[in-house]
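Peer 1: Mind having a look at this structure? Questions to follow.
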Amino acid sequence: MNILLVDIGNTTADFRIWNKETNEIKKIIRPETKDASWRSSSALFKHFQENKIRVDKIIYVSVVPEWNDIIRAFANKLKIDNFNLRSDFDIDKSFFEVDDLSKLGADFISNFYGAIDSYGIENGAIVSMGTASTIAVIENKKFKGTIISPGLKNSLDCLISSAVLLQNNTYEKSNVPYGKNTVDAINIGSFNAHYTMLSSMVKKLGFDFAIFTGGNSIDFKEEIISDGFIFDEELIFKGLIKFNK
């Protein structure tokens, strides 16, 4: 059985197929959520038909309400069932010690279940580096709360958009300790320092165990592993799979 797993964030909609028999997760497409050429069930249906991609049902997590309608319409075109993590599954409220579970992002919930199921996390942090960079605090297998900061690329975009002379450069993670020119200095401050902020916050919380995930975490895979943390870019999808078991 092939199950389409979809993670709809504020920046991208990540489509992957999980083969239940082999337990393999395969990347399919990852359009930007604001890309008009993909923001319709017809566009998705056309892509899947032309590429002969067959799926038996859809499980998705979304923080963009408009895309919920798109996924439901897409499932109708495929004539298969679709399940929204937020509304179609029973979430054990006893795991979440937050003020209002209904206002907690569905991505936090899926990452938490992925961490419980795949790593048996008891005490530690789940760090997601996406549109926002977030830290979920886990104590005694309970979701205690979160820390949210502007994401790496959003912070960088905010900086360079306000200064014309900074805009025609390429910015990326740096391998030097400090800059001797503006580009290197921004690279270190925007990329390297962002990871340092997150890893330092994990340690300040008193945790030695942390799972790093999210699209921007890929740039720091080497540092994450070197620091003794876990890198798992598929964590949110493992959470969706947990709900299918």
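The values are calculated or read from the model by the stated rules, or taken from the named source; none is laboratory data. What you see is a predicted model; the values in this text were computed from it and never measured. Cβ: placed from backbone, ideal geometry, glycine included. Neighbour counts: every protein chain shown.
Peer 1: Quick one: is N154 of a type outside the set (A, V, I, L, M) and more than 22 Å from the chain's Cα centre (by Cα)? So that I can check it myself, show each step before the final result.
Peer 2: On the way: of a type outside the set (A, V, I, L, M): yes; more than 22 Å from the chain's Cα centre (by Cα): no.
No, not satisfied.
Peer 1: Scan the stretch 132-139 and tell me whether some residue there is among the hydrophobic types (A, V, I, L, M, F, W, C) and farther than 25 Å from S199 by Cβ.
Peer 2: Narrowing the stretch 132-139 to residues among the hydrophobic types (A, V, I, L, M, F, W, C): 132, 135-138.
With farther than 25 Å from S199 by Cβ added as a condition, the list becomes none.
Among the residues of the stretch 132-139, not one is among the hydrophobic types (A, V, I, L, M, F, W, C) and farther than 25 Å from S199 by Cβ, which makes the answer no.
Peer 1: Determine, yes or no, whether R39 is under 14 Å from S110 (Cβ atoms), under 21 Å from the mean Cα position of the chain (by Cα), outside any strand (DSSP E or B) and among the charged types (D, E, K, R).
Peer 2: Values: under 14 Å from S110 (Cβ atoms): no; under 21 Å from the mean Cα position of the chain (by Cα): yes; outside any strand (DSSP E or B): yes; among the charged types (D, E, K, R): yes.
Criteria not met by R39.
Peer 1: Let me ask another. Only residues that are surrounded by 17 or more Cβ atoms within 10 Å (Cβ to Cβ) and either without any contact (Cβ under 8 Å) to a residue 60 or more places away in the chain or under 21 Å from K245 (Cβ atoms) (or both): list them for the stretch 113-131, please. Walk me through how you get there before you give the answer.
Peer 2: Taking the stretch 113-131 first, the residues surrounded by 17 or more Cβ atoms within 10 Å (Cβ to Cβ) are 113-116, 118, 121, 124-131.
Within the stretch 113-131, Y113, G114, A115, I116, S118, I121, I126 meet the criteria.
Peer 1: Within the stretch 61-90, how many residues turn out to be over 24 Å from A36 (Cα atoms), modelled with pLDDT of 95 or more and part of a helix (DSSP H, G or I)?
Peer 2: Number of matching residues: 1.
Peer 1: Restricting the first residue to the stretch 23-37 and requiring it to be in contact (Cβ under 8 Å) with a residue 24 or more places away in the chain, which pairs with a second residue that is part of a loop (DSSP other than H, G, I, E, B) and surrounded by fewer than 14 Cβ atoms within 10 Å (Cβ to Cβ) meet a Cβ separation below 9 Å and a spacing of at least six or different chains?
Peer 2: I28/N51
Peer 1: Now, a different point. When the stretch 173-207 is examined, which residues are found to be part of a loop (DSSP other than H, G, I, E, B) and either surrounded by 12 or more Cβ atoms within 10 Å (Cβ to Cβ) or assigned by TED's automatic domain parsing to the domain that holds D14 (or both)? Break it down into steps so the answer makes sense when it comes.
Peer 2: So in the stretch 173-207, the residues part of a loop (DSSP other than H, G, I, E, B) come out as 173-181, 205-207.
Once the filter is applied, which keeps residues that are part of a loop (DSSP other than H, G, I, E, B) and either surrounded by 12 or more Cβ atoms within 10 Å (Cβ to Cβ) or assigned by TED's automatic domain parsing to the domain that holds D14 (or both), the stretch 173-207 yields K173, S174, G179, L205, F207.
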